[in-house]
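The values are calculated or read from the model by the stated rules, or taken from the named source; none is laboratory data. Everything numeric here is computed off the predicted structure, so don't read it as measured data. Cβ placement follows ideal geometry from the backbone for every residue including glycine, while neighbour counts extend to all protein chains displayed.
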Amino acid sequence: MPTEPGPPAGASRIHKMVAAFASQRVLVVGDLMLDEYIWGRVSRISPEAPVPVVQVTGESYYPGGAANVARNLRELGASVAVMGTVGNGAQGDRLLALLGDCGIDTSAVLRNDSPTTVKSRIIARNQQVVRVDRESKAPLCEAESVAAASQLDRLFPEVDAVIVADYGKGFVTQTLADHICGTARRLGKILTVDPHPHTSIVWRGATAIKPNRAEAFLAAGLPPGDPVLPVLEDRALLEAGRRLRRLWNADSLLITLGEHGMLLLEGDGAPHHTPTCAKDIFDVSGAGDTAIAVLTLALAAGATAVEAAELANRASGIVVGKLGTATVSAAELLAGAA
């Protein structure tokens, strides 16, 4: 029978797991992006069109996409390396510099003539006015695929866990996915995946895969239907989860459900629902990045799948209460466990 969450892990157990984050070594593979925030104020509507005129007061830049997963890991104390591509231009330089400033190893990052993916958000009165995306979705060429495989073979033995953050920009291919899955199984490494709904990549044998509700239904080939509460009575959602576990053969499947929390399916055990911990929601940007980072660190630190899901859910609830591409610290994660 499905189960609602039982008593949470004891405070001493949570403290022990989070303390172990700092000793973990993690490789993040995926689409690297630069998040640009243009801050301003609005005082009038444009005479040219019914849109607000934003007077810019400042700009800030953060690692985005798979790079934000790496940033979340570093904020929690882990040693981190990233693997992906950035362009040869100024935006690629800026992203690599930001990662370097965070203490993230970028030696496996490939550079090419494609533009660095940049997501620009214009913020006024603490609200997003518009987002502008500049990107190229070109897949890796043969030489880049060979170089990527070589870097994976170099780094895999040095890490405790690997996270794949696929944003559908072309870096993650089925060939690369098969190489990662096979190597992780052969070396006994924890492998977690944040999949993209609009790719046909199949992940087999990962430790955990974390789609959101829409991604889960799309990958399972089922119509999403309407969310049903309580979550454990949502037959369509449970069936999508079962199909994906058979398709991907993952040890655990963690489906994120936004304001409804998360649903965990693992082994032959009953589905486990953890309600959201969010008190205020200001910005969901990067919440999935935080969730996969904490989930992976917890598993690497010896947590059970349920404990890891509970910690990931707690971290997501914290980060959506912040504006912008934010992270969660170990102190924040432990605040509710005292």
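If the Cβ limit is 6 Å and pairs must be 6+ apart or interchain, which residue in the range 75-96 that is free of Cβ contacts under 8 Å to residues at least 60 places away in the same chain pairs with which residue that is assigned to a helix (DSSP H, G or I)? Sorted first by the residue in the range 75-96, then by its partner, the pairs are V80/A70; V80/L73; V80/R74; V82/A70; V86/G92; V86/L95. Here D289 fits the description: at pLDDT below 95, of a type in the set (D, E) and surrounded by 20 or more Cβ atoms within 10 Å (Cβ to Cβ). Of the strands (runs of 3 or more DSSP E) contained entirely in the range 1-103, those carrying at least 3 residues that are over 20 Å from G170 (Cβ atoms) fall at 32-45, 52-65, 79-83. Just one residue in the set T175, T183, T199 is at pLDDT below 95, surrounded by fewer than 22 Cβ atoms within 10 Å (Cβ to Cβ), assigned to a helix (DSSP H, G or I) and β-branched (V, I, T); that residue is T175.
Take the residues of the range 1-34 that are closer than 30 Å to I180 by Cα and surrounded by fewer than 16 Cβ atoms within 10 Å (Cβ to Cβ): which is modelled with the lowest pLDDT? The extreme case among them is K16. Taking K210 as meeting all but one of (1) at pLDDT 95 or above; (2) over 24 Å from T106 (Cα atoms); (3) in contact with a His (Cβ under 7 Å, 6 or more places away or on another chain), write down the number of the exception. Result: K210 fails condition (3) only. Checked against the criterion of being under 17 Å from L32 (Cβ atoms), touching a residue at least 24 places away in the same chain (Cβ under 8 Å) and of a type in the set (K, R), the candidates K210, K189, K169 yield just one match: K169.
So that you can scan it fast, the table gives a plain yes or no per residue for (1) buried (at least 21 other Cβ atoms within 10 Å of the Cβ); (2) part of a strand (DSSP E or B); (3) free of Cβ contacts under 8 Å to residues at least 24 places away in the same chain:
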site: A216; (1), (2), (3): yes, no, no
site: P224; (1), (2), (3): no, no, yes
site: V228; (1), (2), (3): no, no, yes
site: R243; (1), (2), (3): no, no, yes
site: L253; (1), (2), (3): yes, yes, no
site: T276; (1), (2), (3): no, no, no
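Considering the range 144-163, and only residues there that are closer than 16 Å to A78 by Cβ and among the β-branched types (V, I, T), the residue that is surrounded by the fewest Cβ atoms within 10 Å (Cβ to Cβ) turns out to be V159.
Filtering the range 50-90 to residues that are buried (at least 24 other Cβ atoms within 10 Å of the Cβ) and of a type in the set (D, E, K, R) leaves only R71.
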